[in-house]
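These notes concern the structure reproduced below.
The values are calculated or read from the model by the stated rules, or taken from the named source; none is laboratory data. All figures in this text were calculated on a predicted structure; none of them were measured in a lab. Cβ atoms come from the backbone with ideal geometry, glycine included; neighbour counts cover every protein chain shown.
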Amino acid sequence: MKYKTTFLLDKKNKWIETHLKKFNFELDDKFSFKISDNYKTIKKQDLVFVLSYTKILPNFFLKKNKYTLVVHSSRLPKDRGFAPLSYRVLQNFNIIFFSLFRVEEKVDSGNIFLRSTLKLNGTELYDELRKKQAKMILNLIKKFLIKYPLIKSSKQSGKPNYNKRRYPKDSELNINKNIKSQFNLMRVSDNENFPTFFYHKGVKYILKIFKDSD
């Protein structure tokens, strides 16, 4: 009998969906996979992987399924909360940590099953960052699935900190600073949904960034 597995996506934050649909877990003989964007329709699953979800799931949902799991782009308990990869890049780090853990009622506090790391080269822009992030998340999930159900977890240790949600207004550039000092802000800004911008003489200017294709 196959393990029932659902990937829960956020209706308003589906950037990872394209990557998920292209990814081949090569485990169809062991798992039955589904994708949903409505947690209310998910129940009695062996595994629920919550991907890029921006809301807190109610406790009754967690009890309806055997395991609810998340891959968070930080070395938990550091950088709990929102946009851990973006905050790490903004802090000028090129090593990004990933933690696959069980969802508990308290945000990002559950036991950890697996960890992994990604080394950036420092030139990646938003779409490239997302692509690498998605690959790391899905590969970590695959490692979990290969080991499941014979996989153990451990409690988080250390002092946590919490990242605030980032908004489009956080992409504002300071025209009195040079580009180099603000390059990481440009890297984590989405050209379509929250591009960088600045004000000059009372006028707002939008600034988008692309790599030369040559």
- Message: Residues that are touching a strand residue (DSSP E or B) at 6+ places or on another chain (Cβ under 7 Å): list the helices (runs of 4 or more DSSP H) wholly contained in segment 8-109 that include at least 2 such residues.
- Response: 17-22, 84-90
- Task: Identify all residues within segment 179-214 that are under 21 Å from the mean Cα position of the chain (by Cα), part of a loop (DSSP other than H, G, I, E, B) and in contact (Cβ under 8 Å) with a residue 12 or more places away in the chain; write none if there are none.
- Result: Val188, Ser189, Asn191, Asn193, Pro195
- Note on the structure: Among the residues of segment 36-50, the number that are touching a Lys or Arg at 6+ places or on another chain (Cβ under 9 Å), hydrophobic (A, V, I, L, M, F, W, C) and closer than 26 Å to Arg166 by Cβ is 1
- Query: Does Asn176 qualify as being part of a loop (DSSP other than H, G, I, E, B) and either on the phi > 0 side of the Ramachandran plot or not aliphatic (A, V, I, L, M) (or both)?
  - Reply: yes
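For segment 156-179, enumerate the residues that are within 27 Å of Leu114 (Cα to Cα) and surrounded by 10 or more Cβ atoms within 10 Å (Cβ to Cβ).
Restricting attention to segment 156-179, the residues satisfying the condition of being within 27 Å of Leu114 (Cα to Cα) are 156-166.
Within segment 156-179, Gln156, Pro160, Asn161, Tyr162, Asn163, Lys164, Arg166 qualify.
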- Query: Does at least one position in segment 126-143 carry a residue that is assigned to a loop (DSSP other than H, G, I, E, B) and at pLDDT 95 or above?
  - Reply: no
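Within segment 53-71, take every residue that is within 12 Å of the chain's Cα centre (by Cα) and surrounded by fewer than 21 Cβ atoms within 10 Å (Cβ to Cβ) and give me the one that is modelled with the lowest pLDDT. Before you say what the answer is, go through the steps one by one.
First, pick out the residues of segment 53-71 that are within 12 Å of the chain's Cα centre (by Cα): 53-54, 70-71.
Filter once more, keeping what is surrounded by fewer than 21 Cβ atoms within 10 Å (Cβ to Cβ): 53-54.
Numbers: Tyr53: 87, Thr54: 84.
Out of the qualifying residues, it is Thr54.
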- Item | Val107 touching a residue at least 12 places away in the same chain (Cβ under 8 Å) and surrounded by 15 or more Cβ atoms within 10 Å (Cβ to Cβ) | no
